[in-house]
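The values are calculated or read from the model by the stated rules, or taken from the named source; none is laboratory data. If you're wondering where the values come from, they're calculated on a predicted model, not measured in any experiment. FYI the Cβ positions are ideal-geometry reconstructions off the backbone, even for glycines, and counts take in every protein chain you see.
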Ligand code: HEM
Ligand code: HEM
């Protein structure tokens, strides 16, 4: 497997563990739930699920189309953007939920924009890769 693909899969599982730990902690301390749910939800859905789909998608979709990936460079840039984006979101969200303004808010907006850009790069890279194969 390509190195970046393996790292997408590894990071996906790291986020799964972190998301599950936060979900479980929220069960133990329900009073804190309101501050940590957004982090829990996005570690699981944007971290575990989306990152797993990025990795598996990059590995199998070009093969299924009988083509090379449109841009391995986009895949690498997207890896760093999506990980920096999600980590920043996960860390800053509880502060913003507690009412912090300034740095935390700016960090949440900036890292959310990085996650969004990563989503768009993934879409472009896959759309440019997969093509109809004549049967
Ligand atoms: C060990 C695993 C997990 C535990 C212990 C856990 C626990 C929790 C808890 C306590 C809540 C808050 C419920 C509430 O009071 O409103 C919650 C919410 C949520 N969890 Fe998890 N969770 C786990 C895994 C997951 C996974 C794997 C996903 C998605 C792939 C997920 C998605 C969500 C979502 C979307 C919400 C928000 C639901 C809403 O809008 O109210 N959770 N989870
Ligand atoms: C660019 C990436 C994303 C950004 C910037 C983003 C941002 C947000 C924001 C601002 C909220 C409202 C949180 C609140 O204040 O209560 C939210 C909620 C939510 N998002 Fe996302 N999101 C992203 C990606 C995703 C993805 C990919 C999924 C699912 C696959 C997802 C699932 C959810 C769910 C289930 C909720 C409701 C959680 C709850 O019950 O509190 N998000 N998101």
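Some observations on this one:
- Scan of the stretch 25-34 for residues that are modelled with pLDDT under 95, surrounded by 12 or more Cβ atoms within 10 Å (Cβ to Cβ) and away from ligand 2 (no atom under 13 Å from the Cβ), ordered by number: 32
- Among the residues here, residue 37 qualifies as under 17 Å from the mean Cα position of the chain (by Cα), free of Cβ contacts under 8 Å to residues at least 40 places away in the same chain, within 16 Å of ligand 2 (Cβ to nearest atom) and more than 18 Å from residue 118 (Cβ to Cβ).
- Being within 10 Å of ligand 1 (Cβ to nearest atom) and surrounded by fewer than 17 Cβ atoms within 10 Å (Cβ to Cβ) holds for only one residue in 22, 37, and it is 37.
- Criterion: under 14 Å from the mean Cα position of the chain (by Cα), assigned to a helix (DSSP H, G or I) and closer than 21 Å to residue 120 by Cα - qualifying residue of 60, 53: 53
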